[in-house]
Amino acid sequence: MRFRSSCLGRQRAGSATEASQLPCEERLQGQGAQGAQAVRIWFAVPQEDASSVIRNLAVSTDGVVRYDEDSWGNRVGYLEVRAPAQEQITIREEFDLTRSEIQSRWTPRGRAR
């Protein structure tokens with residue numbers, strides 16, 4: 001599978017902590033095996049953490065996407081296309097990412113808290 005990702009950012013004006021709002025698009029494209037009865041794809045879904053907020057996630061593809069968690073607790077998407085009509089399968093994720101600045105102070109012995 002090929003993977004393409006793009007996020008175009010703009011800084012939020014007047015915020016107490018520095019943050020950027022990024023409209024993002026990720027596109028996965030893959031070839032199904034000719035004559036395949038089914039193609040199954042697990043794919044990464046944007047993750048939130050202390051400095052990242054994901055909003056307005058929309059996934060478009062040929063088929064129904066199911067969401068689950070992997071063994072590490074990460075959210076993943078699953079797509080199964082039965083008897084794919086087209087050779088190429090495309091999964092497109094669009095979302096808004098707000099990324100906050102991470103501030104830490106470094107000392108010769110490592111990061112100070």
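The values are calculated or read from the model by the stated rules, or taken from the named source; none is laboratory data. Note that this is a predicted model, so its numbers are computed, not measured. When we count neighbours, we look across all protein chains shown, and the Cβ atoms used for this are built from the backbone with ideal geometry, even at glycine.
Candidates in the stretch 55-113 are the residues that are β-branched (Val, Ile, Thr) and not in a strand (DSSP E or B); of these, the one that is nearest to Glu18 (Cα to Cα) is Ile102. Among the residues making up the stretch 79-93, those that are surrounded by 15 or more Cβ atoms within 10 Å (Cβ to Cβ) and under 15 Å from the mean Cα position of the chain (by Cα) are Leu79, Ile91, Glu93. Applying the condition of being touching a Pro at 6+ places or on another chain (Cβ under 9 Å) and at pLDDT 80 or above to the stretch 1-36 and asking which residue is surrounded by the fewest Cβ atoms within 10 Å (Cβ to Cβ) yields Ala36. In the stretch 36-51, how many are within 16 Å of Glu94 (Cβ to Cβ) and outside any loop (DSSP other than H, G, I, E, B)? Final tally of qualifying residues: 2.
Selection within the stretch 50-69: residues that are more than 18 Å from Gly30 (Cα to Cα) and at pLDDT below 90. The member of this set that is surrounded by the most Cβ atoms within 10 Å (Cβ to Cβ) is Ser51. The condition of being out of contact with any Gly (no Cβ under 8 Å at 6 or more places or on another chain), among the aromatic types (Phe, Trp, Tyr), at pLDDT 85 or above and surrounded by fewer than 13 Cβ atoms within 10 Å (Cβ to Cβ) holds for only one of Trp72, Trp106, that being Trp72.
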